[in-house]
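Step one of this worksheet: look at the structure below.
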Amino acid sequence: MTDLSPRHDWTRDEIAALYTQPLDTLMAQALSVKQANWPDGKVQKSQLLSIKTGGCAENCGYCSQSAHFDTGLEASKLMPLDEVVSAARRAKENGADRFCMGAAWRSLKDRDVPKVAAMIEAVKAEGLETCVTLGMLDDGQAETLKSAGLDYYNHNLDTSPEYYGNVVSTRTYDDRLETLGRAREAGLKLCCGGILGMGESRKDRIGLIHELSKLTPHPESVPVNMLVPIEGTPLGDSPAISVIEMARAIAVCRIVFPKSWVRLSAGREGMTDEGQALCLLAGANSIFVGDRLLTTDNPEMDEDAALMGKMGMEATPREDMESPAKRTTLIGA
Ligand code: SAM
Ligand code: DTB
Ligand code: SF4
């Protein structure tokens with residue numbers, strides 16, 4: 001019998017053993033875990049908005065918004081509240097139930113906290129779940145955001161601790177873990193995942209999943225991004241990784257994080273319908289909708305509707321998916 005409760009004592013070897021199984025064995029396991037925890041045929045939808053674009057002091061090698069690279073992106077100031085509310089209303093009309101606001105900041109400044117808190121309050125009042133991604137947090141900031149109605153803080157580990165220094169040098173893995181700890185202590189849910197296709201090895205992908213599995217409790221939301229190569233960044237010429245590798249990583253996440261949202265995040269625009277279908281069959285139960293992510297394109301709503309139609313799947317309000325665990329063990333597995 002396979003235990004389906006979330007575990008925090010996975011070893012790297014165990015995760016590697018899952019990851020390297022024949023694809024059909026891996027997909028079958030992931031699908032059983034998904035079926036034991038989540039309804040069939042349903043996908044949750046989140047929508048992103050860049051509330052402050054570009055000019056960021058960090059040097060993340062994948063990012064269009066870093067001030068260290070010439071990517072041709074125009075930097076902008078913090079968006080006014082009324083524009084954020086209009087975007088949140090449009091997201092709700094699109095069927096999204098979580099609205100994620102991203103700012104290109106190295107860290108959140110105290111002077112911006114009341115402005116972001118007002119945005120969170122207003123988005124929440126529209127009946128949406130709220131998520132923000134604002135860089136590193138200082139003492140007390142997470143508590144203020146939580147009081148304003150924040151549900152999730154997004155802060156990705158991105159890759160393994162060993163590979164991290166190849167991607168960014170202006171902060172450390174431990175800085176990331178510290179902010180995640182602050183968000184958790186304030187009672188926020190965590191959205192924490194990574195990026196595939198940055199020149200990392202499979203060992204690094206396994207290392208990332210292992211680090212995420214040690215977070216206790218697990219991040220409630222695990223975004224799996226495929227690198228969107230940005231011209232002008234150090235990773236702009238990275239060769240694309242196979243969607244099969246992406247599906248493999250998603251399947252392992254589904255098994256390791258049985259109760260979490262596993263989101264097929266950046267990179268859908270460059271995938272075929274079949275590629276996306278493979279990732280959904282591997283156990284992803286959430287996507288970003290809307291034709292923009294933060295600064296790059298995402299499939300149009302009608303393309304998503306067509307894909308869902310072909311798969312006989314539908315976007316479903318979160319509450320209808322978050323049923324209590326149906327089973328805690330897989331009999332005969
Ligand atoms: N500044 C904040 C931070 O880094 O936490 C928030 C914004 S940042 C754009 C959010 C996440 O988007 C990053 O952690 C990274 O995982 C993902 N991301 C950024 N650029 C990407 C790209 N070109 N392709 C795929 N994912 C990307
Ligand atoms: C996450 O893991 N992916 C989203 C969200 N969290 C903030 C961001 C993807 C950004 C893709 C590149 C861009 O549009 O700038
Ligand atoms: Fe800044 Fe975030 Fe982009 Fe890194 S990923 S450069 S922290 S906006």
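Looking only at segment 14-28, count how many residues are open to solvent by less than 20 Å² (accessible area, probe 1.4 Å) and not hydrophobic (A, V, I, L, M, F, W, C). Of the residues in segment 14-28, 1 are open to solvent by less than 20 Å² (accessible area, probe 1.4 Å) and not hydrophobic (A, V, I, L, M, F, W, C). Kindly indicate whether any position in segment 49-65 is of a type in the set (D, E, K, R) and at pLDDT below 95. No: segment 49-65 contains no residue that is of a type in the set (D, E, K, R) and at pLDDT below 95. Residues that are buried (at least 17 other Cβ atoms within 10 Å of the Cβ) and within 16 Å of ligand 1 (Cβ to nearest atom): does segment 37-46 have at least one? The answer is yes, given that some residue of segment 37-46 is buried (at least 17 other Cβ atoms within 10 Å of the Cβ) and within 16 Å of ligand 1 (Cβ to nearest atom). Set side by side, the residues VAL252, VAL262, VAL222 differ, and just one is within 14 Å of ligand 1 (Cβ to nearest atom), among the β-branched types (Val, Ile, Thr) and within 25 Å of THR25 (Cα to Cα), which is VAL222. Summed over segment 218-242, the residues that are under 17 Å from the mean Cα position of the chain (by Cα), more than 16 Å from ligand 3 (Cβ to nearest atom) and open to solvent by 30 Å² or more (accessible area, probe 1.4 Å) give a count of 1.
Can you pull out every residue in segment 153-175 that is of a type outside the set (Val, Ile, Thr), out of contact with any Phe, Trp or Tyr (no Cβ under 8 Å at 6 or more places or on another chain) and within 16 Å of ligand 3 (Cβ to nearest atom)? Those that are of a type outside the set (Val, Ile, Thr), out of contact with any Phe, Trp or Tyr (no Cβ under 8 Å at 6 or more places or on another chain) and within 16 Å of ligand 3 (Cβ to nearest atom): TYR153, ASN154, HIS155, ASN156, TYR163, GLY165, ASN166, SER169, ARG171, ASP174, ASP175.
Can you tell me which of LEU150, LEU137, LEU157 is within 15 Å of ligand 2 (Cβ to nearest atom), buried (at least 23 other Cβ atoms within 10 Å of the Cβ), in contact (Cβ under 8 Å) with a residue 24 or more places away in the chain and of a type in the set (A, V, I, L, M)?
Values: LEU137 fails: within 15 Å of ligand 2 (Cβ to nearest atom); LEU157 fails: buried (at least 23 other Cβ atoms within 10 Å of the Cβ).
Of the residues listed, the single one that is within 15 Å of ligand 2 (Cβ to nearest atom), buried (at least 23 other Cβ atoms within 10 Å of the Cβ), in contact (Cβ under 8 Å) with a residue 24 or more places away in the chain and of a type in the set (A, V, I, L, M) is LEU150.
Any chance segment 201-217 includes a residue that's buried (at least 22 other Cβ atoms within 10 Å of the Cβ) and within 14 Å of ligand 2 (Cβ to nearest atom)? Yes, segment 201-217 contains a residue that is buried (at least 22 other Cβ atoms within 10 Å of the Cβ) and within 14 Å of ligand 2 (Cβ to nearest atom). Residues that are without any contact (Cβ under 8 Å) to a residue 24 or more places away in the chain and open to solvent by less than 40 Å² (accessible area, probe 1.4 Å) within segment 274-295 are absent altogether.
Can you say whether LYS42 is touching a helix residue (DSSP H, G or I) at 6+ places or on another chain (Cβ under 9 Å), more than 15 Å from ligand 2 (Cβ to nearest atom) and over 18 Å from ASN225 (Cβ atoms), as far as the supplied structure shows? Yes; evaluated as a whole, the condition is true for this residue. Meeting the requirement of 2 or more residues that are under 20 Å from the mean Cα position of the chain (by Cα) and among the hydrophobic types (A, V, I, L, M, F, W, C), the helices (runs of 4 or more DSSP H) wholly within segment 1-98 are 23-37, 81-93. Of all the residues in segment 160-175, those that are surrounded by 15 or more Cβ atoms within 10 Å (Cβ to Cβ) and either in contact with a Leu (Cβ under 6 Å, 6 or more places away or on another chain) or more than 26 Å from LEU145 (Cβ to Cβ) (or both) number 5. When THR172, THR133 are checked against the criterion of being touching a strand residue (DSSP E or B) at 6+ places or on another chain (Cβ under 6 Å) and not acidic (Asp, Glu), THR133 stands alone in meeting it. May I ask you to say which residue of VAL116, VAL84 is in contact with a helix residue (DSSP H, G or I) (Cβ under 6 Å, 6 or more places away or on another chain), at pLDDT 95 or above and within 16 Å of ligand 2 (Cβ to nearest atom)? Exactly one of VAL116, VAL84 is in contact with a helix residue (DSSP H, G or I) (Cβ under 6 Å, 6 or more places away or on another chain), at pLDDT 95 or above and within 16 Å of ligand 2 (Cβ to nearest atom), namely VAL84. For ASP297, all conditions in the list (1) in contact with a strand residue (DSSP E or B) (Cβ under 8 Å, 6 or more places away or on another chain); (2) at pLDDT 95 or above hold save one; what is the number of the exception? The number of the failed condition is (1).
Scanning segment 250-273 for residues that are among the small types (Gly, Ala, Ser), in a helix (DSSP H, G or I) and crowded, with 24+ Cβ neighbours inside 10 Å returns a single hit, ALA251. Inside segment 92-104, residues that are touching a Gly at 6+ places or on another chain (Cβ under 9 Å) and open to solvent by 40 Å² or more (accessible area, probe 1.4 Å) make up a count of 2. Listed by first and then second residue, the pairs linking a residue in segment 37-60 that is under 19 Å from VAL289 (Cβ atoms) to a residue that is basic (Lys, Arg), with Cβ atoms under 8 Å apart and 6 or more places separating them unless they lie on different chains, are GLN44/ARG98; GLN44/ARG318; LYS45/ARG98; SER46/ARG98; SER46/ARG263; GLN47/ARG98; LEU48/ARG292; SER50/ARG292. For segment 305-318, enumerate the residues that are modelled with pLDDT of 95 or more and either part of a strand (DSSP E or B) or of a type in the set (D, E, K, R) (or both). Of everything in segment 305-318, just one residue is modelled with pLDDT of 95 or more and either part of a strand (DSSP E or B) or of a type in the set (D, E, K, R) (or both), namely LYS310.
The values are calculated or read from the model by the stated rules, or taken from the named source; none is laboratory data. Just so we're clear, the structure is a prediction, and the values are computed from it rather than from any experiment. As a convention, Cβ positions derive from the backbone with ideal geometry for all residues, glycine included, and neighbour counts pool all protein chains shown. To get the accessible areas, we keep the full protein, side chains included, count just its heavy atoms, and leave off ligands, DNA and RNA. Shrake-Rupley method; radii C 1.70, N 1.55, O 1.52, S 1.80 Å.
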